[in-house]
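Have a look at the structure below, then the notes.
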Amino acid sequence: MSTHAPSHEDAFEAHHGHSHGHDAGHGTLKSYMTGFVLSVILTAIPFWLVMADVLDSAVLTAAIIMALGALQIVVHMIFFLHMNTRSEGGWTMMALIFTILLVAIALSGSLWVMHHLNTNMMPMSPEMMKNMP
């Protein structure tokens, strides 16, 4: 018997443990509940930070919210998409690394654009606004 999966592997066989070489992760109730609890916590903390005005620094609050958002994406990918180092010969882990890289670029780019829009589009001071017609 060959250890390589055929190119036309049946979905029924793959789902019921008769897979030929694909070591895909399947979630358990415990893993889904762990992912759900982590998702709720990672959603509640930023909400609490903003609504209760916990931190004095808006920059620190935004940084914490961005970090928790990125962490929540990783939690979803691991617990709900079942990404691990064993599935598909490690290619799902490569997809996780690629996703983390893209999220980092998107988040830093978004912050950069918002900062420069605020700096360049809102240059007036309160004294300048008083002199406006």
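Some points to look at:
- FRET efficiency estimate (nearest 0.05) - Cβ-Cβ, K30 to L107, R0 22 angstrom: 0.10
- Highest to lowest packing among 71-80, 102-111, scored as the average C-beta count within 10 Å: 71-80, 102-111
- Between L55 and N131, the modelled label-to-label distance comes to 3.7 nm, taking each label 7 Å out from Cα in the direction of the beta carbon.
- Looking at the range 31-108, the accessible area is 65 square angstrom per residue; that uses a 1.4 Å probe and ignores ligands, DNA and RNA.
- For the pair the range 84-133 and the range 29-50, the centres of their Cα atoms are 23 angstrom apart.
- Working ranking of peptides 40-46, 125-131 by packing, defined as the average number of other Cβ atoms within 10 Å per residue, highest first, is 40-46, 125-131.
- When the solvent-accessible area of the range 56-133 is split by element, carbon and sulfur atoms take up 76 percent of it, the probe being 1.4 Å.
The values are calculated or read from the model by the stated rules, or taken from the named source; none is laboratory data. What you see is a predicted model, and the numbers here were worked out from it, not measured in a lab. In this analysis, Cβ positions are derived from the backbone assuming ideal geometry, glycine residues included, and neighbour counts consider all displayed protein chains. Ligands, DNA and RNA are stripped out before the accessible areas are found, and what is left, the full protein with its side chains, is counted by its heavy atoms. Shrake-Rupley method; radii C 1.70, N 1.55, O 1.52, S 1.80 Å.
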